[in-house]
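Visitor: Take a look at this one; I'll ask things after.
The values are calculated or read from the model by the stated rules, or taken from the named source; none is laboratory data. This structure is a prediction, so every number in the text was calculated from the model and none was measured. Using ideal geometry, Cβ is built from the backbone for each residue, glycine included, and neighbour counts are taken over all protein chains shown.
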Amino acid sequence: MTARSSVPPPAPGSPPLVLYADASWVSPYVFSCFVALHEKGLPFEARTIDLDEGRHLEPPYRDRSLTAKVPALEHGDFWLTESSAIVEYLEDSFPLPIRVLPEAPRERARARQVMSWLRTDLLPLRRERPTRSMFFERATEPLSEEATKAAEKLVRVAEALIPLERTSLFPTFTVADADLAFCLHRLILNGHDVPTRVAAFAAAQWRRPSVRAFVERQRPA
Ligand SMILES: N[C@@H](CCC(=O)N[C@@H](CS)C(=O)NCC(=O)O)C(=O)O
């Protein structure tokens, strides 16, 4: 476990927040939590866990995190894993000054749907265009037939969800926007064309300072 960033002062009245991330900073799940913390302007300490060396499987991390996965959030004596749960916890605990999930029930449900879907579907695409290929060497093999189908599904769903006149899914930013843009960048950064409107959405999300802070993080060689 390595402390990676200087620790800003904790929010008044709140115990410090610690985000545990993979040492390579390529986890899409860490990305969601990192963006939520940044968007909310919450000071947090980032600590990295070397998954390649199996540090997440060793106590005390294994026991405190329960699931032995990253990301984990530590907030005082409370530990939480599962990125969607972490985003929801941050939203409920720190609703101000900025929300990262919609408030209206249908929009909130849609955002949850998108986040859950991106975490559970499109496996061939996720396998053949891993997040490592976004931040380290690009993928060289063409997409298989099943990954092509997954890519087509991703683009179809994105086109259906992104309103014609907007570059966000809802009137204001949500973590679902960042998650969808992140997944689209598996294709975009590896040189695959996506329709103009989808590309405009992905580019707009990729410009957000919270997203830039993750993308531009220093990574081990
Ligand atoms: N559903 C979890 C997935 C977390 C996950 O799979 N994290 C990976 C890194 S991207 C991990 O910890 N892998 C180590 C392992 O499974 O042993 C979430 O949304 O947080």
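Visitor: Can ARG106 be described as in contact (Cβ under 8 Å) with a residue 60 or more places away in the chain, away from the ligand (no atom under 16 Å from the Cβ) and either part of a helix (DSSP H, G or I) or over 14 Å from the mean Cα position of the chain (by Cα) (or both)?
Guide: no
Visitor: I'm checking my understanding of the structure. Among residues of region 114-137 that are over 15 Å from the mean Cα position of the chain (by Cα) and in a helix (DSSP H, G or I), which one is surrounded by the most Cβ atoms within 10 Å (Cβ to Cβ)?
Guide: LEU125
Visitor: Which condition from (1) assigned by TED's automatic domain parsing to the domain that holds LEU169; (2) surrounded by 18 or more Cβ atoms within 10 Å (Cβ to Cβ); (3) away from the ligand (no atom under 16 Å from the Cβ) is the one that PHE94 breaks?
Guide: With respect to (1) assigned by TED's automatic domain parsing to the domain that holds LEU169; (2) surrounded by 18 or more Cβ atoms within 10 Å (Cβ to Cβ); (3) away from the ligand (no atom under 16 Å from the Cβ), PHE94 is out only on (1).
Visitor: Among the residues of region 113-127, which ones are of a type in the set (D, E, K, R) and in contact (Cβ under 8 Å) with a residue 60 or more places away in the chain?
Guide: Scanning region 113-127 gives ARG119, ARG126.
Visitor: Under 9 Å by Cβ, and 6 or more places apart or on different chains, what pairs join a residue from region 185-196 that is touching a residue at least 40 places away in the same chain (Cβ under 8 Å) and at negative phi with one that is in a loop (DSSP other than H, G, I, E, B) and of a type in the set (Ser, Thr, Tyr)?
Guide: Here the result reads HIS185/THR131; ARG186/THR131, each pair linking region 185-196 to a residue that is in a loop (DSSP other than H, G, I, E, B) and of a type in the set (Ser, Thr, Tyr).
Visitor: Out of LEU42, LEU51, which single residue is on the phi < 0 side of the Ramachandran plot and within 9 Å of the ligand (Cβ to nearest atom)? Talk me through it step by step, then tell me what you get.
Guide: Working: LEU42 fails: within 9 Å of the ligand (Cβ to nearest atom).
LEU51 is the lone residue from the list that is on the phi < 0 side of the Ramachandran plot and within 9 Å of the ligand (Cβ to nearest atom).
Visitor: Here's something else I'd like to know. Applying the selection to region 164-221, what residues are hydroxyl-bearing (Ser, Thr, Tyr) and surrounded by 15 or more Cβ atoms within 10 Å (Cβ to Cβ)?
Guide: Of everything in region 164-221, those that are hydroxyl-bearing (Ser, Thr, Tyr) and surrounded by 15 or more Cβ atoms within 10 Å (Cβ to Cβ) turn out to be THR167, SER168, THR174, SER210.
Visitor: So in region 69-91, with the set limited to residues that are buried (at least 19 other Cβ atoms within 10 Å of the Cβ) and hydrophobic (A, V, I, L, M, F, W, C), which one is farthest from the ligand (Cβ to nearest atom)?
Guide: Checking each candidate, the answer is LEU90.
Visitor: Could I ask something else about it? Does THR148 count as in a helix (DSSP H, G or I), out of contact with any Pro (no Cβ under 7 Å at 6 or more places or on another chain), of a type in the set (Val, Ile, Thr) and surrounded by fewer than 22 Cβ atoms within 10 Å (Cβ to Cβ)?
Guide: For THR148, the condition - in a helix (DSSP H, G or I), out of contact with any Pro (no Cβ under 7 Å at 6 or more places or on another chain), of a type in the set (Val, Ile, Thr) and surrounded by fewer than 22 Cβ atoms within 10 Å (Cβ to Cβ) - is met.
Visitor: Further question: Could you list all residues from region 173-196 that are assigned to a helix (DSSP H, G or I) and of a type outside the set (D, E, K, R)?
Guide: First, pick out the residues of region 173-196 that are assigned to a helix (DSSP H, G or I): 175-188, 196.
Across region 173-196, the qualifying residues are VAL175, ALA176, ALA178, LEU180, ALA181, PHE182, CYS183, LEU184, HIS185, LEU187, ILE188, THR196.
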